[in-house]
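Data first, discussion second: the structure below is written as structure tokens.
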Amino acid sequence: MAIKIQDVSYNYGHEDVIKKINLDFVPGQLVSLVGPNGAGKTTLLKLISGVLEPASGQIHIYDQLSENLSHKERALLISLVPQNPNLPLEMGITDFIMLGRNPHLKLLQWESAADFKIAQESIDLTEIDHLIQRKLGEVSGGERQRIMLALAMTQRSPIMLLDEPTSNLDISHQTKVMSLIKKIHDQKSNDGATILAIHDLNIAAQFSDRVILFSEGIVAVDGTPEEVLTKNNIEAIYGSEVSIIPHPEHGSPLIIS
């Protein structure tokens, strides 16, 4: 099991955001967390990544209790691509991507040729070679998103968490970024998992092996895109009338509001 979540709750003040959730994430899956704003998707990613600690319950990462992992041990297992990260805009892009190798280095150890090779493979896959002489503040939002993915790839952690990876991107860039995420996921060995919080149900339907629909801090429905993204489920959780047809290209549910 890549991730095991047992009776996990979390609250902001007196408001319960996550309510006694039980979930297992098996290796090899690309999983989308969907649901209305405030349903608990981002909070769950932060709990898995260790940014937040559960108010109650336990999270296991590859059979290790999450709270017992050091920062280095956690970084070797999990990479996190947050939404709208606060980046060092004056930092060179190559130096930024090389930060992904830090968990693999000993104290005061310099990067090796092998580390630079891994970073270059990430740069090639994300198609940002033409940007590497620039600084982070000199590129667009879509380019910055690919740079963040290159950093996560360079980290070589089996679990990758992404919070709204297509936010603030136009339609063409949304598809490109999701295709890249799927490509990165498919290149992992079968012991890895990719989990993303995403608001766009059609993107979740197109790219995911599994979809988990959240509502008010609980798991409302969990299954394949076809099982979860039904007319009844969407109308019940989102309160909006929709029509659903098979996508003409790949057959996944296509939600029309």
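The values are calculated or read from the model by the stated rules, or taken from the named source; none is laboratory data. Here the structure is a predicted model, which means the values were calculated and not measured. For neighbour counting, all protein chains shown are included, and Cβ atoms are generated from backbone atoms with ideal geometry for every residue, glycine included. Only protein heavy atoms, including side chains, enter the accessible area calculation; ligands, DNA and RNA are left aside. Shrake-Rupley method; radii C 1.70, N 1.55, O 1.52, S 1.80 Å.
Using C-alpha pairs under 8 Å with a sequence gap of at least 6, the mean separation divided by the residue count of the chain gives a relative contact order of 25 percent. Tell me the angle of helix 113-126 to the major Cα principal axis of the chain, expressed in degrees between 0 and 90 and rounded to the nearest ten. It is inclined by approximately 40 degrees. Each of 140, 40, 102 was scored by the projection of its Cα onto the charge dipole of the chain, and the greatest displacement toward the positive side belongs to 102; charges sit on the C-beta of Lys, Arg, Asp and Glu.
Nonpolar atom fraction for the chain, defined as the carbon and sulfur part of the 1.4 Å probe accessible area, stands at 50 percent. With a Förster radius of 45 Å, plug the Cβ-Cβ distance of residue 11 and residue 110 into 1/(1 + (r/R0)^6) and report the FRET value to the nearest 0.05. The computed FRET efficiency comes out at 0.55. Positive contributions from Lys and Arg (+1) and negative ones from Asp and Glu (-1), summed over other residues with Cβ under 9 Å from the Cβ of residue 4, come out at -2. Enter the accessible area per residue of the stretch 95-216 (Å², integer; probe 1.4 Å; all protein chains in place). Ligands and nucleic acids excluded, the figure is 46 Å² per residue. Taking Lys and Arg as +1 and Asp and Glu as -1, the other residues whose beta-carbon sits under 10 Å from that of residue 242 total -1. When the square roots of the Cα gyration tensor eigenvalues are ordered a ≥ b ≥ c, the ratio a/c for the stretch 1-149 is 1.5 or more and a/b exceeds b/c, which makes its shape prolate.
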